[in-house]
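Report on the following structure.
Any read-out appearing in this document is the output of simple, stated calculations on the displayed coordinates, not a laboratory observation. Just so it is clear, the model here is predicted, and its values are computed rather than measured. Here the Cβ is made from the backbone with ideal geometry for all residues, glycine too, and neighbour counts use every protein chain on show.
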Amino acid sequence: MSAAKSRARQRAAQKIADIQQALAAMQYLASGTLLKRTKVCGNPSCRCAQDPAARHGPYYEWSYLQDGRLRHRSLTPQQAELMRQAIANYRKARELLRTWKAHTQRLIELDTSE
Ligand SMILES: [Zn+2]
């Protein structure tokens, strides 16, 4: 293997090691979407009836697919914060996996080309 190829191989291998480390650092992982809502209670004398800033909540709802069906679950603010991180991790993990695949292809080409 030429010196240039050897360096390219080392770079790709290092990228994969970085990806593995980034994935290993993740604890929470979730797909789906998180919605933050406020509500009007319907009582005409309540402040929420006039003032949008006085609406009740926020309420958090997590929507996700399970066995091909869309499901919804309400979350506390604390759960919602963790879920927000878990969903961000999932997006990042998918991006990392795509990059891992690209570097794998590169490595296989380098290792098997003349
Ligand atoms: Zn109200």
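Things worth noting here:
- Treating r as the C-beta distance of Met26 and Ala49 and R0 as 41 Å, the FRET efficiency rounds to 0.40.
- Dipole axis of the stretch 3-112 (+1 Lys, Arg; -1 Asp, Glu on Cβ), positive-most option in Ser45, Leu65, Gln105: Gln105
- Pairs from Lys36/Lys101; Lys5/Lys101; Lys15/Lys92 whose Cα-Cα separation, in the structure shown, is over 24 Å: Lys36/Lys101
- Rounded tilt (10° steps) of 77-112 against the dominant C-alpha axis of the chain: 20
- Per residue of the chain, the DSSP helices (runs of n ≥ 4 H) give a summed -39500 (n - 2.57) that works out to -18500 deg cm²/dmol at 222 nm.
- Simple spin-label estimate for Ala8 and Leu65 in nanometres, 7 Å along Cα-Cβ: 3.7
- Extension reserve of the Lys15-Trp100 stretch, reckoned as 0.36 nm per residue once the Cα distance is removed: 29.8 nm
- Using all pairs of distinct alpha-carbon atoms, the Kirkwood hydrodynamic radius of the chain works out to 17.9 angstrom.
- Taking every alpha-carbon pair under 8 Å whose residues sit at least 6 apart, the chain reaches a relative contact order of 33 percent.
- Dipole magnitude of the chain about its Cα centre (Cβ charges: Lys, Arg +1; Asp, Glu -1), debye to nearest 20: 180
- Net length gained if the chain between Lys36 and Ser113 were fully extended (0.36 nm per residue, minus Cα distance): 22.5 nm
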